[in-house]
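Chemist: Have a look at this one.
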Amino acid sequence: MRKAMKDTELSDGTFIPKGSFVAANMVTIHNDPEIYPSPDEFRPWRFSEMREKSADDALKHQIVNTSKEYLTFGHGRHACPGRFFAVNELKAMMAYIIMNYDVKTEKEGVRPPNFIKAMNVIPNPMANVLFRKRARSG
């Protein structure tokens, strides 16, 4: 979200008065069934399947790439420059957890509902996620 520091007119004629807040509507874009079929359904292989369609899609649907349809890290010249580092850190953390712990939600198989505050939609911070250290074999 950004605050207009002066009156601004966009190339299409849209007028943004000074003091207005402007933001990309990521929730609507990321839940558009024309872009992401069955957006409300948990499909863990969604992006993997999208990358298998063609060579162009294999590049387009990488987590660090930005587009008008995928705004997690912003887009254009203001895209997050740290996204490459952030993604590698997330992958390393997930790999460690997957290799060393059994994980489940408090109500097994049921994902707690999202927490919504203002324009933010995040995983429920009050939800209980259970971790059990795996026994080492051998």
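Chemist: Hey, got a sec? Which GluC sites (Glu not before Pro) in segment 65-138 land in a DSSP loop and have at most 13 other Cβ atoms within 10 Å? Each step should come with its number before you reach the end.
Modeler: Working: sites: E69, E89, E106, E108; in loops: E69, E106, E108.
Answer by residue number: E106, E108.
Chemist: Okay, next question. Under a Cβ-Cβ cut-off of 13 Å, what is the net charge of the residues other than I29 that fall near it, where Lys and Arg count +1 and Asp and Glu count -1?
Modeler: -2
Chemist: For the chain, the longest stretch holding no chymotrypsin sites (Phe, Trp or Tyr not before Pro) located in a DSSP loop with at most 12 other Cβ atoms within 10 Å is which?
Modeler: The segment 46-138 is the longest one with no such site.
Chemist: Right, next: When the accessible area of the chain is computed with all protein chains present and a 1.4 Å probe, what percentage of it is carbon and sulfur?
Modeler: Percent of accessible area from carbon and sulfur atoms in the chain: 59.
Chemist: If you roll a 1.4 Å probe over the heavy atoms of the protein chains, what accessible area per residue do you get for the chain, in Å²? Walk me through the numbers before you get to the answer.
Modeler: Values: 11560 Å² over 138 residues.
Counting only protein heavy atoms, the per-residue value for the chain is 84 Å².
Chemist: Can you give the calculated 222 nm mean residue ellipticity of the chain, where each DSSP H run of n ≥ 4 adds -39,500 (n - 2.57) and the sum is split over every residue, rounded to the nearest 500 deg cm²/dmol?
Modeler: -7000 deg cm²/dmol
Chemist: Given R₀ = 25 Å, FRET efficiency for M1-I35 by Cβ-Cβ distance, to 0.05? Mind dumping the intermediate values first?
Modeler: On the way: r = 22 Å, r/R0 = 0.87.
Result of the calculation: an efficiency of 0.70.
Chemist: So what's the angle, to the nearest 10 degrees on a 0 to 90 scale, between helix 83-100 and the longest Cα principal axis of the chain?
Modeler: 20 degrees
Chemist: Given R₀ = 30 Å, what would the calculated FRET efficiency be for Y101 paired with S20, taking r from the Cβ atoms and rounding to 0.05? Numbers along the way, then the final one.
Modeler: Values: r = 46 Å, r/R0 = 1.53.
Taking R0 as 30 Å, the efficiency between Y101 and S20 is 0.05.
Chemist: A follow-up question, please. Give the calculated FRET efficiency between K60 and K133 to the nearest 0.05, with a Förster radius of 41 Å applied to their Cβ-Cβ distance.
Modeler: That gives a FRET efficiency of 0.60.
Chemist: Given H placed 1.01 Å from N in the peptide plane, which residues other than close sequence neighbours of S67 have an amide H under 5 Å from its amide H?
Modeler: Excluding prolines and chain starts, which carry no amide H, there are no hits.
Chemist: Determine the sum of side-chain charges near R111: Lys and Arg each +1, Asp and Glu each -1, restricted to other residues whose C-beta is under 12 angstrom from that of R111.
Modeler: Working: positive: K104, K107; negative: D40, E41, E106, E108.
Around R111, the surrounding residues sum to -2.
Chemist: What longest range of the chain stays clear of loop-exposed trypsin sites (Lys or Arg not before Pro) (DSSP non-H/G/I/E/B, at most 12 other C-beta within 10 angstrom)?
Modeler: Looking at the chain, 69-106 is the longest stretch - no exposed trypsin sites (Lys or Arg not before Pro) with at most 12 other Cβ atoms within 10 Å.
Chemist: Pairs K6/K60; K18/K117; K53/K107; K3/K60; K53/K117: which exceed 28 Å Cα-Cα?
Modeler: Cα-Cα > 28 Å for K6/K60; K53/K107; K3/K60; K53/K117; rest within.
Chemist: Go through segment 119-126 residue by residue and turn each phi into a ³J(HN,Hα) via Karplus (6.51, -1.76, 1.60, θ = phi - 60°); whole Hz please, and just put x for glycine and proline.
Modeler: Listing the rounded values in order: 9, 9, 10, 9, x, 4, x, 9 Hz.
The values are calculated or read from the model by the stated rules, or taken from the named source; none is laboratory data. It should be emphasised that the depicted structure is a prediction, and the values quoted were computed from it without experimental measurement. So basically every Cβ, Gly included, is an ideal-geometry build from the backbone, and we count neighbours across all protein chains shown. For accessibility, only protein heavy atoms count, side chains too; no ligands or nucleic acids. Shrake-Rupley method; radii C 1.70, N 1.55, O 1.52, S 1.80 Å.
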